[in-house]
Amino acid sequence: MIGGMQQLPTTQAAVTALRAIAEEYALEIEVTDDIGADQTSRRSAAGVGVVVDTDGSIPHEAFVEFGGVPRVSVRLFHEGDALIDVEGVECPDIPRDDVPAFLRSVFGGLAYVKGRRFPPAYRLIVPLPGDRTHKEFVPMILLTPWLSSRVR
């Protein structure tokens with residue numbers, strides 16, 4: 001752990017951490033694994049039946065869906081980043097090591113939506129360790145009841 005954050009060297013380590021978070025918050029979890037260069041989303045140029053990368057590694061991605069409210073899904077990429085979707089708001093390029101802290105902020109009630117009256121605009125703000133935050137624009141049309149309940 002560095003500065004209170006877990007180090008997650010592999011996709012499988014991240015999936016294990018996400019299962020622990022689901023248990024901690026009593027949420028259902030569904031995990032879909034994509035293993036092999038011909039199965040992963042960022043390897044569309046890989047030939048049919050090509051499982052390993054040119055460096056001999058076997059890429060592993062996972063798609064994780066959490067049950068309950070808020071609706072959250074996580075796409076863990078082999079390269080060490082993730083795409084997190086919170087109630088339809090996509091948060092791309094989250095470092096894999098930040099994913100557990102990001103989810104604890106969302107499920108623990110620390111994440112909020114900052115609203116501006118003129119011009120009308122909203123941003124999802126997710127606090128992370130080390131006085132960092134992740135901010136993502138929220139189109140007004142995507143304000144779900146959960147997001148609306150978090151507006152400050």
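Here are some notes:
- When residues of the stretch 113-123 are limited to those that are part of a strand (DSSP E or B) and open to solvent by 80 Å² or more (accessible area, probe 1.4 Å), the one farthest from Leu143 (Cα to Cα): Arg116
- Residue within the stretch 124-139 that is open to solvent by 60 Å² or more (accessible area, probe 1.4 Å), at pLDDT 95 or above and among the aromatic types (Phe, Trp, Tyr) present: yes
- Glu87 open to solvent by less than 20 Å² (accessible area, probe 1.4 Å) and either at pLDDT 95 or above or more than 23 Å from Gln12 (Cβ to Cβ) (or both): yes
Rundown of residues vs (1) within 19 Å of Arg75 (Cα to Cα); (2) under 16 Å from the mean Cα position of the chain (by Cα), yes/no style:
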position: Glu87; (1), (2): yes, yes
position: Pro92; (1), (2): yes, yes
position: Arg96; (1), (2): yes, yes
position: Ala101; (1), (2): yes, yes
position: Gly115; (1), (2): no, no
position: Tyr122; (1), (2): no, no
position: Pro127; (1), (2): no, yes
position: Glu136; (1), (2): yes, yes
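- Contacts under 7 angstrom Cβ, first residue in the stretch 127-144 being farther than 20 Å from Arg71 by Cβ, partner of a type outside the set (Gly, Ala, Ser) and assigned to a helix (DSSP H, G or I), 6 or more apart: Leu128/Asp98; Leu128/Phe102
- Flag if Leu18 is closer than 28 Å to Asp131 by Cβ and at pLDDT below 95: no
The values are calculated or read from the model by the stated rules, or taken from the named source; none is laboratory data. All of these numbers come straight from a predicted model, not from anything done at the bench. With ideal geometry, Cβ positions are generated from the backbone for all residues, glycine too; neighbour counts draw on all protein chains shown. Quick note on the areas: whole protein, heavy atoms, side chains included, nothing else; ligands and nucleic acids left out. Shrake-Rupley method; radii C 1.70, N 1.55, O 1.52, S 1.80 Å.
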